[in-house]
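The values are calculated or read from the model by the stated rules, or taken from the named source; none is laboratory data. Model, not experiment: these values are computed from the prediction. Using ideal geometry, Cβ is built from the backbone for each residue, glycine included, and neighbour counts are taken over all protein chains shown. These area figures cover heavy atoms from the full protein model, side chains too; ligands, DNA and RNA do not enter into them. Shrake-Rupley method; radii C 1.70, N 1.55, O 1.52, S 1.80 Å.
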Amino acid sequence: MKKRIISVLLTTAVVVSGLAAGTVTAQAEEKEKKDKYVIGMSQCNLGEPWRVAMNDQIARAAEKYPEFEVVFADAAQDNSKQIADIENFVQMGVDLIITSPNEATPLTNAVSAAYDAGIPVILLDRKIDGDKYTQFIGADNVDMGRIAGEYIADTLLPDGGKICEIKGLEGTSGGIDRDKGFREGIEKNDKLEIVSVNNADWLREKAITVAEEMLQTNDEIDLFIALNDPMAEGAYIAAKNAGREGDIKFIGFDGLPTPDGGIRSVMDGRLSMTQVYPTGGAEAIESAHQLLVEGKELEKTLTLTSEIVTPDNAEELLEKYGGASSEE
């Protein structure tokens with residue numbers, strides 16, 4: 001049976017077999033094998049290239065399993081829309097839900113209700129409050145933030161300096177963790193000072209405006225840290241427009257190997273550092289297969305490994321993660 005991947009806003013119901021109430025483990029052990037399993041993927045937004053890559057990796061991974069059908073929904077950074085998407089998946093009776101919650105607290109009830117209804121839920125990258133989910137897949141954002149902070153303290157600004165920080169959407173667990181780790185990391189250098197902090201909702205265009213304001217109100221800035229690469233690029237653009245990019249260093253997170261991704265930005269000299277943050281898309285599909293088809297119990301947490309990207313290893317990592325070289 002040919003594999004079908006559906007990318008639509010959910011407007012029609014698909015009739016599939018529902019899961020009986022009970023624990024996820026018991027369901028996995030007792031369910032008979034099916035010819036088709038429907039997986040609902042609720043993405044918080046597709047305005048970030050990293051999230052587009054996550055969906056693409058989910059789609060490609062699912063192609064290995066002809067019994068899997070994936071239905072994608074985009075919440076466009078709207079908590080109410082994502083709640084409705086998850087509730088719609090429950091009404092459809094999907095076999096499993098994968099989701100990256102837009103914000104933790106507002107999405108907790110919807111995710112918990114799906115889990116309580118007997119539908120396995122895999123959280124990708126972002127968590128909810130509490131533990132009513134089947135598995136969380138993601139890298140250690142606190143550790144990544146700490147690594148960035150220590151790299152600033154030891155390598156980029158060992159003699160101290162003034163830092164501006166651009167955060168993502170305020171209520172996202174990954175952003176909270178990256179900020180926490182970053183602040184812990186720079187504590188080792190007491191000559192570092194954070195002079196300005198603001199949010200840009202993970203978006204490059206908004207980060208340009210935020211960075212422009214920071215540049216206007218701070219005559220001395222030595223480094224911008226943005227909690228993802230598109231916002232770091234936005235800060236670079238703002239600094240370049242102000243004629244100050246040569247005096248400021250820029251670092252981000254995500255490290256996509258795409259032409260507009262963070263690895264290329266390091267190679268081209270716009271960013272001094274980023275970190276490869278795996279999307280977990282392929283891992284989510286593998287977990288879904290283990291649970292639904294193989295009947296295995298999943299570990300509560302699957303921690304992914306990140307890698308530091310600097311000018312010294314950027315070209316090597318671009319090749320490792322499948323990016324095209326500049327000659328191609």
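Considering the stretch 273-297, and only residues there that are within 30 Å of Ala153 (Cα to Cα) and not aromatic (Phe, Trp, Tyr), the residue that is nearest to the chain's Cα centre (by Cα) turns out to be Thr279. Entry remark, the stretch 182-225: residues being outside any helix (DSSP H, G or I) and not small (Gly, Ala, Ser) number 23 in total. Filtering the stretch 55-101 to residues that are open to solvent by 40 Å² or more (accessible area, probe 1.4 Å) and part of a helix (DSSP H, G or I) leaves Asp56, Gln57, Arg60, Ser80, Lys81, Ile83, Ala84, Glu87, Val90, Gln91.
Per this entry, Ile147 is not counted among residues that are of a type in the set (Val, Ile, Thr) and open to solvent by less than 20 Å² (accessible area, probe 1.4 Å). Reported count of residues in the stretch 301-321, each being over 17 Å from Gly138 (Cβ atoms) and either β-branched (Val, Ile, Thr) or out of contact with any helix residue (DSSP H, G or I) (no Cβ under 8 Å at 6 or more places or on another chain) (or both), is 8.
Can you tell which of Tyr115, Tyr133 is among the aromatic types (Phe, Trp, Tyr) and surrounded by fewer than 21 Cβ atoms within 10 Å (Cβ to Cβ)? Spell out how you get there, then give the answer.
Numbers: Tyr133 fails: surrounded by fewer than 21 Cβ atoms within 10 Å (Cβ to Cβ).
Going through Tyr115, Tyr133 in turn, the sole match is Tyr115.
Of all residues in the stretch 274-328, exactly one satisfies the criterion of being over 18 Å from Thr134 (Cβ atoms), open to solvent by 60 Å² or more (accessible area, probe 1.4 Å) and assigned to a strand (DSSP E or B), namely Ile308. The one condition from (1) in contact (Cβ under 8 Å) with a residue 40 or more places away in the chain; (2) surrounded by fewer than 20 Cβ atoms within 10 Å (Cβ to Cβ); (3) over 22 Å from Asp56 (Cα atoms) that Asp247 does not meet is (1).
Based on this model, can you work out whether Ala232 counts as open to solvent by 10 Å² or more (accessible area, probe 1.4 Å), of a type outside the set (Val, Ile, Thr) and touching a residue at least 40 places away in the same chain (Cβ under 8 Å)? Here the answer is no, as Ala232 does not meet what is asked.
So that you can scan it fast, the table gives a plain yes or no per residue for (1) farther than 22 Å from Ile98 by Cα; (2) crowded, with 17+ Cβ neighbours inside 10 Å; (3) more than 17 Å from the chain's Cα centre (by Cα); (4) in contact (Cβ under 8 Å) with a residue 60 or more places away in the chain:
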residue: Ala153; (1), (2), (3), (4): yes, yes, yes, no
residue: Leu157; (1), (2), (3), (4): yes, yes, yes, yes
residue: Ile163; (1), (2), (3), (4): yes, yes, yes, yes
residue: Leu169; (1), (2), (3), (4): no, yes, no, yes
residue: Asp190; (1), (2), (3), (4): yes, no, yes, no
residue: Ile194; (1), (2), (3), (4): yes, no, yes, no
residue: Asn198; (1), (2), (3), (4): yes, no, yes, no
residue: Ala211; (1), (2), (3), (4): yes, yes, yes, no
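Screening the stretch 43-54 for residues that are out of contact with any strand residue (DSSP E or B) (no Cβ under 6 Å at 6 or more places or on another chain) and assigned to a loop (DSSP other than H, G, I, E, B) and picking the one that is farthest from Ala284 (Cα to Cα) gives Gly47. Taken over the stretch 255-273, the residue count meeting the criterion of being surrounded by 18 or more Cβ atoms within 10 Å (Cβ to Cβ), touching a Pro at 6+ places or on another chain (Cβ under 8 Å) and not polar (S, T, N, Q) is 6.
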